[in-house]
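Colleague: Below are the structure tokens for one structure; questions will follow.
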Amino acid sequence: MPQPLSGVLVLDFTTLLPGPLATLILAEAGAEVIKIERPGGEDMRRRPPPMGDTSAAFVLLNRGKHGLVVDLKSAEGHETLTPLLRCADVVVEQFRPGVMDRLGLGYEAVRQLNPGIIYCSISGYGQSGPRAGEAGHDLNYISATGLLALNPGAPEHPTVPPALVADIGGGTFPAVMNILLALRQREQTGEGCHLDIAMADAMFTFAWQALAIGQATGRYPGPREAWTAGGSPRYALYPTRDGALVACAALEQKFWLDFCAAIGLAPALIDEGVDPPATRAGIAAIIAGRTASEWRPILAKADCCATIVASLEEAMRDPHFVERGLFTHEAASSEGRVIAALPLPIAPAFRDGTVRKASPALGEDPS
């Protein structure tokens, strides 16, 4: 059975994380992806730790793609790209707005060669607007949109979030979703389009709860005030005696009552609306009285949306994730070194049966 994107040709001009992860997802669903790199290769090839001549991160993000080195500023480079642009279905680029236009490879120029092209531009703030040309990274985008302010950590110990929400949730996933929508639209109309994916834009989507509260009441939540941003004892992290953490997410009343019963919280503290700090302190004192290994069976038996925070290594060995096959695919470097491939949110039925795929060697010829 053919994969959903079999026969789709994608030219990938992107670097680092948002675009490469988007084209990786397209490749895993059957698209042929040609990664276009400048002479010397993109920056991710040099990010530590190395796997031979390239980086482990590059191997993860470029599994199963072809590679092509092109000097985008040269006539020879344009000569190489022209036949590919004529037959491509999708172009994905991640330069600052205007760069591809200056190189003669912007949407209008490519559309002259290929009217049906789906041209996806991923940038921090979009192709238009006062901030369009502004430099930034994930932390800047979640800062500028107010998302980080919902829980930046304590003032004396500001916290950098562990996930690149803007890169993946604002760049990768919207790019993939809109490329698939554009492919469907082209089936209906025969027309291509230019997709303007701004990583910052989707951060307002992640702030959905605070937006609802602020617009309904006229007061937006401050730091650590929203329920799921540290404002509720029901949705919080509590240290155990041995320095581990209990992640409590007992938002619904049933789970909350089961959690309180499991840990033996004093009845006077169960209604956290009366004195939230007192409830939080009461829970913290109880959780701090036992080790993680002591709490694990108690919380598992209660089935109350409370779990011990696992390390990444522990999570990769969790029988649940092992049984679901999250780490059965493999990514290989061009020298043959192998690591587990990056788990991707693609239904297994849409991926092919090839367990091991390599990332492109620098200068590989996709033909």
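Colleague: With charges only on Cβ, +1 for K and R and -1 for D and E, what is the dipole size of the chain about its Cα centre, in debye, rounded to 20?
Modeller: That gives a dipole near 360 debye.
Colleague: Something else about it: Taking +1 at the Cβ of each Lys and Arg and -1 at the Cβ of each Asp and Glu, which of ASN114, ALA358, THR307 sits farthest along the dipole of the chain towards its positive end, judged by Cα position relative to the Cα centre?
Modeller: Of ASN114, ALA358, THR307, it is THR307.
Colleague: Compute the whole-percent fraction of alpha carbon pairs in region 53-107 spaced more than 17 Å apart.
Modeller: Across region 53-107, Cα pairs with separations above 17 Å total 50 percent.
Colleague: Defining a contact as two alpha carbons under 8 Å apart and six or more residues distant in sequence, what relative contact order in percent does region 208-250 show?
Modeller: Computed over region 208-250, the figure is 22 percent.
Colleague: Once you list every other residue whose beta carbon is under 13 Å from the beta carbon of ALA331, what net charge do they have if Lys and Arg are +1 and Asp and Glu are -1?
Modeller: So the environment of ALA331 carries a net charge of +2.
Colleague: Right, another one. Cut-off 19 Å, label point 7 angstrom out along Cα-to-Cβ of ASP53: give me the residues of region 336-359 whose amide nitrogen falls inside.
Modeller: Only 336-339, 357-359 pass the distance filter.
Colleague: Which three lengths, in whole Å and largest first, does region 247-354 cover when its Cα atoms are put on their principal axes?
Modeller: For region 247-354, the Cα spread along each principal axis is 62, 28, 23 Å.
Colleague: About its Cα centre, how strong a charge dipole does region 210-352 have in debye, to the nearest 20, once Lys and Arg get +1 and Asp and Glu get -1 at the Cβ?
Modeller: About 200 debye.
Colleague: What is the Cα centroid distance between region 171-200 and region 260-288, reported in whole angstrom?
Modeller: When both Cα centres are located, 48 Å separates them.
Colleague: Provide the descending list of Cα extents for region 309-367 along its principal axes, expressed in whole angstroms.
Modeller: 45, 26, 15
Colleague: Considering all alpha-carbon pairs of region 47-190, what whole percent are spaced by more than 25 angstrom?
Modeller: That fraction is 45 percent.
Colleague: Once the other residues with Cβ under 12 Å from the Cβ of GLY230 are scored (Lys, Arg +1; Asp, Glu -1), what is the net sum?
Modeller: Result for the local shell: +2.
Colleague: How fast does the chain diffuse by Stokes-Einstein, in µm²/s, taking the Kirkwood radius from C-alpha pairs at 4 °C and 1.567 mPa s?
Modeller: Result for D is 56 µm²/s.
Colleague: Starting at the first residue of region 303-318, write each ³J(HN,Hα) from the Karplus equation 6.51 cos²θ - 1.76 cosθ + 1.60 with θ = phi - 60°, in whole Hz, x for Gly and Pro.
Modeller: 6, 10, 6, 9, 9, 7, 5, 8, 6, 4, 4, 4, 5, 5, 9, 4
Colleague: Any chance you could run the full-extension gain for ALA281 through PHE327? It's 0.36 nm times the residue separation minus the Cα-Cα distance, nm to one decimal.
Modeller: In short, 12.6 nm is gained.
Colleague: Ok, one more. What distance in nm lies between label points placed 7 Å from Cα along the C-beta direction at ARG219 and VAL160?
Modeller: Taking the simple label geometry, ARG219 and VAL160 are separated by 3.4 nm.
Colleague: Can you tally the net charge around ARG290? Count Lys and Arg as +1, Asp and Glu as -1, for every other residue whose Cβ sits under 13 Å from the Cβ of ARG290.
Modeller: 0
Colleague: Skipping prolines and chain starts, which residues have an amide H placed within reach, meaning under 5 Å, of the one on MET51, given they are 5 or more residues away or on another chain?
Modeller: ALA56
Colleague: Something else: Compute the length gained on full extension between ASP242 and VAL355: take 0.36 nm times their separation in residues and subtract their Cα-Cα distance, giving the result in nm to one decimal.
Modeller: 36.7 nm
Colleague: On to the next question. So for MET1, MET203, fewest C-beta neighbours within 10 Å to most, what's the order?
Modeller: MET1, MET203
Colleague: Now, a different point. Could you state the per residue volume, in Å³, of the convex hull enclosing the Cα atoms of region 184-265?
Modeller: Here the figure is 225 Å³ per residue.
Colleague: Here is a further query. Along the charge dipole of the chain, which of SER74, ALA236, TRP256 sits closest to the positive end, that is, farthest toward it, with unit charges on the beta carbon of Lys, Arg, Asp and Glu (+1, +1, -1, -1)?
Modeller: Most positive-ward Cα: TRP256.
Throughout, read-outs are computed from the coordinates displayed, never taken from laboratory work. All figures in this text were calculated on a predicted structure; none of them were measured in a lab. Using ideal geometry, Cβ is built from the backbone for each residue, glycine included, and neighbour counts are taken over all protein chains shown.
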